[in-house]
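Heads up, the thing below is written out as structure tokens.
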Amino acid sequence: MGIQIEQLDTANKSQVEAFVRFPFKIYKDCPQWVPPILSDIRLMLNRNKHPFYEHSDADFFIARRDGEIVGRIAVMENRPYNQYHGTQQAQFYLFESVEDLEVAQALFERAFEWARQRGLNEIVGPKGFSPFDGYGILIEGFEHRQMMTMMNYNPPYYPQFMEMLGFQKEVDFVSCYLHRSNFNLPEKVREVAKRVQERGYFEVKNFETKSELRQWAKKIGKAYNETFINNWEYYPLTEREVDFVVDTLITIANPRLIKIILSKDKVVGFLFGFPDVSEALQRARGRLTPWAIVDLLLEMRRTKWISLNGAGVLPEYHGRGGNALLYAEMQKTVLDHGFEHAELTQVAESAVQMRKDLITIGGKAYKNHRVYFRHI
């Protein structure tokens, strides 16, 4: 019968569940894969609840062979991104396929058709619905477990498929590993961090409770939205999207691992640390039952891994000692809370200075996710 591509009816619960659960078939014997929270994926498909749909559009497609699902893909038009960068891009996300190039080709041909119908001339991805969805296809580091749901994992044949389908590299996102014994903060950095605090130019704000963190949520969201304006992936988030990102952050955060840098009560920098609960997420298999939630809370206390995913200083404060203070606090976070291992999760190669800084403090690149593009 060949391969049939069907567009998902997001009001059809059985279709949605088939789309959402398909990856469990691909990764059933893969110890490095961390299942997503199924409700999070359902939310991405919900046009009435996800803030992405307030300004943009997306559709979802399933590939079937003899009635059996063999692949899936999401294709999107992020209008604020295109307007900000002067581009006409579509983006793809949630791509999964059995090891059959014909399936991948059929899915992408349908995605190309969707994009052309909207006057778009390029497709880029994987790139998701919010800044916490993770970027790229894994091309190096397949032996390492993915960091929770903050990044993607995929079989080694996915990069091969992309090249065979005519895609090229757009940008790489590298994740660095740091062991606590190798966290090397140069003396010059220590001195700068100490000096700017002593002079009162910067202040570090720590948190003890989630309610205290919520009081600063709006200011943190504003700083987050303004920090990455020079990054490849940036576009100005709406107020609802900022609220969505901050609410997500607070829900999964240990407040003691979140720090902000203040200058005269203005948030000018931040450091987001998250205890790695990957093992509990693997045991939960995508379902947040009461027992799974208890297990996640226990894992937050016993894990020896931390993800540092979200660190930055407002561009206008670069060169004033803010970055030095940020790295000093990063070291303090790892050492004071007893973590053995730290991952600096998904730093874009376009963030040149941060990449250099991470090597300076002892970081070692150990995973690489590639975002691909193709003219259509």
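The values are calculated or read from the model by the stated rules, or taken from the named source; none is laboratory data. What you see is a predicted model, and the numbers here were worked out from it, not measured in a lab. For neighbour counting, all protein chains shown are included, and Cβ atoms are generated from backbone atoms with ideal geometry for every residue, glycine included. These area figures cover heavy atoms from the full protein model, side chains too; ligands, DNA and RNA do not enter into them. Shrake-Rupley method; radii C 1.70, N 1.55, O 1.52, S 1.80 Å.
Picking from residues in segment 126-154 that are under 16 Å from residue 368 (Cβ atoms) and among the small types (Gly, Ala, Ser), the one that is farthest from the chain's Cα centre (by Cα) is 141. Please list, ordered by first then second residue, the pairs with beta carbon atoms under 7 Å, 6 or more apart or interchain, first in segment 1-14 and without any contact (Cβ under 8 Å) to a residue 60 or more places away in the chain and more than 21 Å from residue 100 (Cβ to Cβ), second assigned to a strand (DSSP E or B) and open to solvent by 50 Å² or more (accessible area, probe 1.4 Å). Filtered contacts from segment 1-14: no entries.
Within segment 359-372, residues that are at positive phi sit with their Cβ atoms under 6 Å from residues that are open to solvent by 50 Å² or more (accessible area, probe 1.4 Å), at 6+ positions apart or across chains, in these pairs: 362/182; 362/184. Name the single residue that is nearest to residue 8 (Cα to Cα) among those in segment 89-124 being part of a helix (DSSP H, G or I) and of a type in the set (D, E, K, R). Among those residues, the one meeting the criterion is 110.
Look at residue 362 and say whether it is open to solvent by 20 Å² or more (accessible area, probe 1.4 Å), over 23 Å from residue 131 (Cα atoms) and out of contact with any helix residue (DSSP H, G or I) (no Cβ under 7 Å at 6 or more places or on another chain). Let's see the steps before the verdict.
Details: open to solvent by 20 Å² or more (accessible area, probe 1.4 Å): yes; over 23 Å from residue 131 (Cα atoms): yes; out of contact with any helix residue (DSSP H, G or I) (no Cβ under 7 Å at 6 or more places or on another chain): no.
In short, no.
Restricting attention to segment 247-276, the residues that are modelled with pLDDT under 90, within 16 Å of the chain's Cα centre (by Cα) and of a type in the set (D, E, K, R) total 1.
Among the helices (runs of 4 or more DSSP H) confined wholly to segment 1-87, which include 1 or more residues that are at pLDDT below 95? Spell out how you get there, then give the answer.
On the way: elements: 13-21, 23-26, 38-44, 79-85.
Of the helices (runs of 4 or more DSSP H) lying wholly inside segment 1-87, those with at least 1 residues that are at pLDDT below 95 span 13-21, 38-44, 79-85.
Which residues, counting only those in segment 178-211, are small (Gly, Ala, Ser) and either buried (at least 17 other Cβ atoms within 10 Å of the Cβ) or touching a residue at least 12 places away in the same chain (Cβ under 8 Å) (or both)? Step through it out loud before you land on a result.
Initially, segment 178-211 is screened for residues small (Gly, Ala, Ser), giving 181, 193, 200, 211.
Within segment 178-211, just 193 meets the criteria.
Scanning segment 247-292 for residues that are farther than 17 Å from residue 209 by Cβ, buried (at least 16 other Cβ atoms within 10 Å of the Cβ) and without any contact (Cβ under 8 Å) to a residue 40 or more places away in the chain yields 279, 280, 292. Of the residues making up segment 287-306, those that are in a strand (DSSP E or B) and out of contact with any Gly (no Cβ under 7 Å at 6 or more places or on another chain) number 1.
Note on segment 146-166: residues that are open to solvent by 30 Å² or more (accessible area, probe 1.4 Å) and touching a Ser or Thr at 6+ places or on another chain (Cβ under 6 Å) total 0. When segment 212-237 is limited to residues that are in contact with a helix residue (DSSP H, G or I) (Cβ under 9 Å, 6 or more places away or on another chain) and small (Gly, Ala, Ser), the one that is surrounded by the fewest Cβ atoms within 10 Å (Cβ to Cβ) turns out to be 217.
Among residues of segment 307-325 that are more than 30 Å from residue 149 (Cα to Cα), those with a beta-carbon under 9 Å from a residue that is aromatic (Phe, Trp, Tyr) and open to solvent by 20 Å² or more (accessible area, probe 1.4 Å) at least six positions away or on a different chain give the pairs 320/201; 321/201. Filtering segment 332-359 to residues that are over 16 Å from the mean Cα position of the chain (by Cα), crowded, with 18+ Cβ neighbours inside 10 Å and in a loop (DSSP other than H, G, I, E, B) leaves only 339.
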